[in-house]
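Reading through the structure tokens given below for one structure.
The values are calculated or read from the model by the stated rules, or taken from the named source; none is laboratory data. Predicted model, so just to flag it, every value in this text is computed and none were measured. Reconstructed Cβ throughout: ideal geometry from the backbone, glycine too, with neighbour counts over all protein chains shown.
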Amino acid sequence: MSETLIIDGKAVAASVTDEISARAQRLLDEAGVKPGLAVILVGADPASQVYVRNKGKMAEKCGFNSIQHTLNADTSEEDLLKLIEELNADKAVHGILVQLPLPKHIDEGKVLNLLKPEKDVDGFHPVNVGLLGAGQSDKALVPCTPAGSVLLAKRALGADLSGKNAVIVGRSNIVGKPVAQLLLQENCTVTIAHSRTQDLPDVVRRADIVVAAVGRPKFIQGDWIKKGATVIDVGINRIPAPEKSEGKTRLVGDVDFEASLPNAAAITPVPGGVGPMTIAMLMANTLTAARRQNGLSEEPALF
Ligand code: GUN
């Protein structure tokens with residue numbers, strides 16, 4: 001029998017969105033402001049369609065205005081940039097999210113750089129990246145999946161992560177790099193490992209906190225996990241599940257969950273771990289953006 005804590009991301013996300021709903025209601029009552037979130041999807045990637053639909057649904061549940069723009073896969077870069085300019089200028093829109101990846105003919109950097117930093121609820125604009133890197137995350141919009149990952153780590157380990165060895169596997173702009181910044185701010189000793197890292201299993205074995213964000217199913221093996229470590233699995237990989245029946249699939253993380261249970265003190269499951277936190281933190285960012293754009297004070301940090 002394992003006594004590993006399975007971190008319930010769904011429950012933590014629900015407590016975050018409950019709090020955001022209450023804060024949104026207060027914002028409406030006290031200042032007449034209803035947060036507005038615009039989500040842009042270009043193309044018809046099935047996974048992206050699900051994410052975008054869920055973001056819209058949660059925005060409505062939190063009492064926000066949810067605006068969705070679904071554009072054909074062959075939409076020109078110029079038309080997308082024009083839409084972003086319109087949303088940048090729209091006072092009822094406080095948050096803008098462009099679902100990634102974009103079709104190959106569109107320059108992602110150009111699109112993200114055009115977003116008004118104060119409406120960039122994904123936290124991908126260079127201004128927000130820079131503020132986070134400069135230790136001014138109180139003025140930034142912080143990327144959602146990294147913020148949710150750190151919140152879950154704190155749920156398992158308590159608020160003080162000082163001195164912990166954190167190993168992040170993956171160096172993407174969306175997850176690996178910003179998680180590293182956030183954990184550094186929490187006084188962790190941070191290592192970013194990636195596909196060229198030598199002796200990766202040994203690097204991971206030193207970690208008190210493992211953040212897996214490589215995008216490869218069950219890549220991190222159970223015997224790489226130090227006894228007592230906390231494992232935050234950001235991966236969402238769809239793999240064949242012939243055991244269910246012919247042609248069926250299932251979701252797994254970047255960590256071999258079952259094989260990690262004997263070693264990990266706490267681990268996030270996939271699904272039901274980091275995934276729900278991403279949407280919850282998006283709601284938090286949208287509310288923060290709406291308050292700042294109306295000159296209102298910051299609310300206390302979430303939990
Ligand atoms: N695609 C995968 N993850 C994300 C995310 O966090 N934000 C956006 N906009 N697109 C994504």
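Out of the residues in segment 97-118 that are in contact (Cβ under 8 Å) with a residue 60 or more places away in the chain and within 10 Å of the ligand (Cβ to nearest atom), which is surrounded by the most Cβ atoms within 10 Å (Cβ to Cβ)? That would be 97. Among all residues of segment 132-144, there is at least one that is part of a loop (DSSP other than H, G, I, E, B) and either under 18 Å from residue 267 (Cα atoms) or charged (D, E, K, R) (or both). Yes or no: segment 129-149 includes at least one residue that is closer than 24 Å to residue 55 by Cβ, more than 16 Å from the ligand (Cβ to nearest atom) and touching a residue at least 12 places away in the same chain (Cβ under 8 Å). Checked against the condition, which is being closer than 24 Å to residue 55 by Cβ, more than 16 Å from the ligand (Cβ to nearest atom) and touching a residue at least 12 places away in the same chain (Cβ under 8 Å), segment 129-149 yields at least one hit.
Does any residue of segment 174-184 turn out to be part of a loop (DSSP other than H, G, I, E, B) and not hydroxyl-bearing (Ser, Thr, Tyr)? So far as segment 174-184 goes, yes, one or more of its residues are part of a loop (DSSP other than H, G, I, E, B) and not hydroxyl-bearing (Ser, Thr, Tyr). The set of residues from segment 252-286 being part of a loop (DSSP other than H, G, I, E, B), small (Gly, Ala, Ser) and over 21 Å from the mean Cα position of the chain (by Cα) comprises 264, 265.
Residues that are acidic (Asp, Glu) and part of a loop (DSSP other than H, G, I, E, B) were ranked within segment 188-220; the one that is surrounded by the most Cβ atoms within 10 Å (Cβ to Cβ) is 208. Against the criterion of being within 14 Å of the ligand (Cβ to nearest atom) and within 23 Å of residue 280 (Cα to Cα), residue 93 does not qualify. Taking the stated definitions as given, is residue 39 touching a strand residue (DSSP E or B) at 6+ places or on another chain (Cβ under 8 Å), within 18 Å of residue 144 (Cβ to Cβ) and more than 11 Å from the ligand (Cβ to nearest atom)? For residue 39, the condition - touching a strand residue (DSSP E or B) at 6+ places or on another chain (Cβ under 8 Å), within 18 Å of residue 144 (Cβ to Cβ) and more than 11 Å from the ligand (Cβ to nearest atom) - is not met.
With more than 16 Å from residue 121 (Cα to Cα) and touching a Cys at 6+ places or on another chain (Cβ under 9 Å) as the only criterion, which of 15, 48, 21, 76 stands out? The match here is 21. Of the residues screened, residue 167 is one that is modelled with pLDDT of 95 or more, within 20 Å of the chain's Cα centre (by Cα) and away from the ligand (no atom under 16 Å from the Cβ). Number of residues in segment 1-27 that are closer than 14 Å to residue 258 by Cα and not aliphatic (A, V, I, L, M) equals 3. Being touching a residue at least 12 places away in the same chain (Cβ under 8 Å), among the polar types (S, T, N, Q) and over 20 Å from residue 281 (Cβ atoms) holds for only one residue in 173, 187, and it is 187. Among residues that are over 27 Å from residue 40 (Cβ atoms) and surrounded by fewer than 22 Cβ atoms within 10 Å (Cβ to Cβ), residue 135 is included.
Just one of the listed residues (262, 271) is touching a Lys or Arg at 6+ places or on another chain (Cβ under 9 Å), surrounded by 14 or more Cβ atoms within 10 Å (Cβ to Cβ) and touching a residue at least 24 places away in the same chain (Cβ under 8 Å), and it is 271. How about segment 221-251: which of its residues are within 20 Å of the chain's Cα centre (by Cα) and either part of a loop (DSSP other than H, G, I, E, B) or crowded, with 19+ Cβ neighbours inside 10 Å (or both)? Within segment 221-251, 230, 231, 232, 233, 234, 235, 236 meet the criteria. Screening residue 94 against (1) touching a Gly at 6+ places or on another chain (Cβ under 6 Å); (2) loosely packed, with under 15 Cβ neighbours inside 10 Å leaves a single unmet condition, (2).
Against the numbered list (1) charged (D, E, K, R); (2) surrounded by fewer than 17 Cβ atoms within 10 Å (Cβ to Cβ); (3) more than 16 Å from the ligand (Cβ to nearest atom), residue 291 comes up short only at (2).
Name the residues in segment 157-170 that are surrounded by 19 or more Cβ atoms within 10 Å (Cβ to Cβ) and outside any loop (DSSP other than H, G, I, E, B), would you? Those that are surrounded by 19 or more Cβ atoms within 10 Å (Cβ to Cβ) and outside any loop (DSSP other than H, G, I, E, B): 166, 167, 168, 169.
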